[in-house]
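For reference, the structure discussed in these notes is given below.
The values are calculated or read from the model by the stated rules, or taken from the named source; none is laboratory data. The structure displayed is predicted, hence computed values, not measured ones. Here Cβ is always computed from backbone atoms with ideal geometry, including for glycine, and neighbour counts include all displayed protein chains.
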Amino acid sequence: MLGATGSIGRQALEIIAAHPQLEVCALSSGVQPLDALAARHGVGHTQVGGDPTGLLEASCPDLVLNAVVGFAGLPATLWALERGVDLALANKESLVAAGELALAAWKRGGGRLLPVDSEHSAVFQCLEGRNLDSVDSLVLTGSGGPFRGFTRADLDGVTTEQALAHPTWRMGPKITIDSATLANKGLELIEAHFLFDIPYGRIEVVLQPTSIVHALVRLRDGGALAHLGYPDMRVPIAFALTYPERAETPVPALDFASGLVLEFQSPDVETFPLLSLAREAGEGGGTLPCAFNAANEVAVRRFLEGALPFLGIADVVGAVLAEADGAPARDLEDLVAADTEARRLANHRAVGHEVPIG
Ligand SMILES: NC(=O)c1ccc[n+]([C@@H]2O[C@H](COP(=O)([O-])OP(=O)(O)OC[C@H]3O[C@@H](n4cnc5c(N)ncnc54)[C@H](OP(=O)(O)O)[C@@H]3O)[C@@H](O)[C@H]2O)c1
């Protein structure tokens with residue numbers, strides 16, 4: 001379990017503790033100590049920071065849960081895919097950045113790639129056992145975040161506290177900011193393209209503010225399948241960890257008598273341009289998704305540090321994409337070079353950006 005101290009990691013440990021058929025053989029984190037967690041869960045292999053591949057080799061897992069945040073999750077994703085070790089993937093950034101390279105490693109390795117992102121877990125379940133020829137399109141849903149309905153003028157000067165107050169999900173800070181900017185739906189769009197081999201033109205994003213409908217698959221006969229449930233990551237985490245058995249979780253069944261609201265809206269891509277920028281990066285291909293991800297990581301960090309205004313996040317990413325060459329990544333070195341260059345450009349763009357007062 002990589003990223004054991006995070007939001008996904010802690011919920012996964014809760015699921016594992018409730019299912020004796022699951023056993024954790026290794027834990028990693030970025031900076032937080034792991035001694036207490038390792039003692040509580042009887043884990044012998046731990047690692048704080050650094051390249052996790054040694055930990056993975058030493059612990060011989062049947063399945064890797066990659067719940068690291070950001071591009072730092074890439075080595076673990078490639079390690080598992082290349083070796084055919086089943087991968088439960090929460091770390092969407094690695095699939096977005098590595099794209100074709102990750103798919104080639106997955107094909108060579110032949111293991112399972114089980115999405116943990118709730119939307120992709122939902123699509124995976126709606127597609128199970130279905131021929132892709134019968135599928136018309138995918139629909140990814142999003143709550144719209146805390147600023148749904150805001151104008152650009154309203155967004156001018158919003159604080160980190162406001163951006164971190166997600167209306168429906170409790171998550172780590174990076175994905176929570178990505179949800180507020182809609183960059184998260186952009187990352188998910190690219191993730192869905194690679195996971196399900198569907199062209200971008202056949203993946204739609206819609207807002208569903210109560211986060212009950214996690215995704216839909218439209219079929220060519222005019223029907224559509226949806227996955228519904230209360231917004232609780234323990235469901236997709238448990239699904240991935242116990243696939244194909246589908247274990248019980250503490251999450252209650254939907255109560256249709258309680259006044260569930262299932263409204264849908266189109267996202268406002270003028271006010272939240274990161275969704276369109278992600279789509280352009282995805283369609284552009286090569287290392288553009290990697291550059292999108294790297295620039296976004298830098299800009300979000302700057303925003304969280306109070307060094308960049310909320311609207312500056314999209315400005316920085318847009319400026320980096322305008323300069324990125326998007327050359328294909330032949331290998332990991334090309335990818336790391338594209339990531340490094342995009343980070344350099346993003347840091348340069350972010351410096352001197354006007355910071356709101358207060
Ligand atoms: N949270 C959700 O509900 C949710 C839903 C869907 C998808 N996801 C995805 O799941 C991933 C994790 O999200 P999260 O919300 O759980 O994030 P989080 O709460 O911030 O946790 C991130 C985890 O990654 C570890 N980490 C950070 N940098 C690292 C590095 N350089 N090397 C190794 N480990 C590192 C952190 O360790 P430290 O604690 O030591 O810093 C922590 O354990 C993200 O890709 C996110 O997009 C999350």
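A few remarks follow.
- Taking every residue in region 273-300 that is on the phi > 0 side of the Ramachandran plot and modelled with pLDDT of 95 or more and pairing it with any residue that is surrounded by 24 or more Cβ atoms within 10 Å (Cβ to Cβ) and assigned to a helix (DSSP H, G or I), at least 6 positions away or on another chain, the pairs with Cβ-Cβ distances below 9 Å are G286/A338.
- Looking only at residues of region 142-201 that are in contact with a His (Cβ under 9 Å, 6 or more places away or on another chain) and among the charged types (D, E, K, R), we find that the one that is surrounded by the fewest Cβ atoms within 10 Å (Cβ to Cβ) is E191.
- Helices (runs of 4 or more DSSP H) (entirely within region 106-203) containing at least 3 residues that are among the small types (G, A, S): 118-127, 183-196
- Selected residue (only one of E128, E191 is within 13 Å of the chain's Cα centre (by Cα), at pLDDT 95 or above and within 28 Å of A224 (Cα to Cα)): E191
- Pairs with Cβ under 7 Å, 6+ apart, first in region 305-332 and assigned by TED's automatic domain parsing to the domain that holds A180, second not in a loop (DSSP other than H, G, I, E, B): none
- Criterion (among the hydroxyl-bearing types (S, T, Y), away from the ligand (no atom under 15 Å from the Cβ) and farther than 14 Å from L304 by Cβ) met by exactly one of T159, T168, T151: T151
- Contact annotation: no residue pair with Cβ atoms under 6 Å, 6 or more positions apart or on different chains, pairs a residue in region 64-81 that is within 21 Å of I16 (Cβ to Cβ) and more than 9 Å from the ligand (Cβ to nearest atom) with a partner that is at pLDDT below 95 and not in a strand (DSSP E or B).
- Filter result for V96 (within 15 Å of the ligand (Cβ to nearest atom), within 24 Å of R343 (Cα to Cα) and among the β-branched types (V, I, T)): yes
- For the criterion of being away from the ligand (no atom under 16 Å from the Cβ), aromatic (F, W, Y) and either within 14 Å of the chain's Cα centre (by Cα) or surrounded by fewer than 19 Cβ atoms within 10 Å (Cβ to Cβ) (or both), F256 passes.
- The one condition in (1) touching a Leu at 6+ places or on another chain (Cβ under 6 Å); (2) assigned to a helix (DSSP H, G or I); (3) among the aliphatic types (A, V, I, L, M); (4) within 30 Å of D315 (Cα to Cα) that V68 fails to fulfil: (2)
- Residues that are surrounded by fewer than 14 Cβ atoms within 10 Å (Cβ to Cβ), within 14 Å of the ligand (Cβ to nearest atom) and assigned to a loop (DSSP other than H, G, I, E, B) within region 1-51 comprise V31, Q32, P33, G49, G50, D51, listed in sequence order.
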